[in-house]
Amino acid sequence: MGTAGDSEKKPTVVFVLGGPGSGKGTQCAKIVEHFGYTHLSAGDLLRAEIRSGSENGTMIQNMIKEGKIVPSEVTIKLLQKAMQDSGNDKFLIDGFPRNEENRAAFEAVTKIEPAFVLFFDCPEEEMERRILSRNQGREDDNIETIRKRFKVFLESSLPVVEYYESKGKVRKVDAAKPIDEVFEVVKAIFTPKDEKVAV
Ligand code: ADP
Ligand code: C5P
Ligand code: MG
């Protein structure tokens with residue numbers, strides 16, 4: 001990323017949003033393989049920050065356990081560092097912005113507007129089933145925290161999707177289908193129009 005005042009081009013950012021367990025991480029891994037983006041999951045970065053023994057670790061851990069959204073300042077610093085370290089100029093930012101504060105702070109700090117927002121639409125019952133069989137040993141993948149995360153998603157995260165909807169930036173995908181079927185739709189969204197073959 002460029003420093004202030006230079007003429008470097010801003011990076012391309014796609015925000016990947018959807019409820020917990022909608023398949024954001026799964027689809028991002030496939031987009032990386034096919035389209036050369038770097039995948040940055042805000043949740044993964046926060047979990048790595050806990051493991052690193054950082055001074056914010058305990059605060060982050062407590063918030064994740066409660067399904068609460070960590071202050072933007074912390075998350076944006078982690079995202080900026082990961083963007084710098086990647087050497088790439090195309091990013092999938094997964095699970096961010098999670099609320100209006102995340103959104104406004106990212107825009108103010110980085111001056112980056114997303115190219116578009118990929119939104120995975122999935123019924124709660126299906127997301128709950130997926131999270132309960134995810135088996136990654138996550139402290140927030142229990143029914144009590146899942147309920148809290150669903151509530152935060154509806155109250156704080158969906159309004160962000162609506163904000164981008166009003167700017168015509170949302171690409172909504174039915175995420176309840178099997179992984180490969182979801183990816184067929186995702187692939188079409190990332191394929192430049194002039195490369196799409198008419199059938
Ligand atoms: P998110 O990052 O949105 O929380 P994940 O990508 O971690 O979601 O997916 C949650 C769980 O559901 C994982 O165990 C994953 O393997 C599984 N999963 C992802 N997409 C699908 C799908 N389309 N159908 C069935 N299971 C899926
Ligand atoms: O996206 P993921 O499910 O990995 O996020 C797990 C948790 O990380 C969230 O429930 C929340 O506590 C925290 N998080 C956050 N701010 C973000 C993304 C995740 O506080 N932008
Ligand atoms: Mg994830």
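Every read-out reported here was derived from the displayed coordinates using simple, explicitly stated rules and does not represent laboratory data. These figures come from a predicted structure and were not determined experimentally. Note that we place each Cβ from the backbone using ideal geometry, even for glycine, and neighbour counts take in every protein chain shown.
Looking at the range 157-185, I want the residues that are in a helix (DSSP H, G or I) and have a partner that is among the aromatic types (Phe, Trp, Tyr) with Cβ atoms under 9 Å, at least 6 apart or on another chain. Which pairs are those?
So the pair list comes out as Val160/Phe15; Val161/Phe119; Tyr164/Phe15; Tyr164/Phe116; Tyr164/Phe119; Glu165/Phe119; Val182/Phe120.
Only one residue in Phe153, Phe120, Phe183 is within 12 Å of ligand 1 (Cβ to nearest atom) and in contact with a Ser or Thr (Cβ under 8 Å, 6 or more places away or on another chain). Which one?
Working: Phe153 fails: in contact with a Ser or Thr (Cβ under 8 Å, 6 or more places away or on another chain); Phe183 fails: in contact with a Ser or Thr (Cβ under 8 Å, 6 or more places away or on another chain).
None of the others qualify; the one that does is Phe120.
Residues checked against (1) surrounded by 19 or more Cβ atoms within 10 Å (Cβ to Cβ); (2) within 24 Å of Val32 (Cα to Cα); (3) among the charged types (D, E, K, R):
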site	(1), (2), (3)
Leu158	no, no, no
Tyr163	no, no, no
Lys169	no, yes, yes
Ala176	no, yes, no
Asp180	no, yes, yes
Glu184	no, yes, yes
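Being in contact with an Asp or Glu (Cβ under 7 Å, 6 or more places away or on another chain), within 10 Å of ligand 3 (Cβ to nearest atom) and among the hydroxyl-bearing types (Ser, Thr, Tyr) is the filter here, so list the residues in the range 12-43 that pass it.
Correct list: Ser41 only.
Of the residues in the range 32-75, how many are surrounded by 14 or more Cβ atoms within 10 Å (Cβ to Cβ), more than 13 Å from ligand 2 (Cβ to nearest atom), under 30 Å from Ala188 (Cα atoms) and without any contact (Cβ under 8 Å) to a residue 60 or more places away in the chain?
Number satisfying all stated conditions: 2.
Across the range 76-112, which residue is farthest from Cys28 (Cα to Cα) among those that are without any contact (Cβ under 8 Å) to a residue 40 or more places away in the chain and within 16 Å of ligand 3 (Cβ to nearest atom)?
Step by step, filter the range 76-112, then rank; the result is Leu78.
Take the range 17-31 and flag every residue that is among the aliphatic types (A, V, I, L, M) and closer than 17 Å to Thr191 by Cβ.
Result: Ile31, single match.
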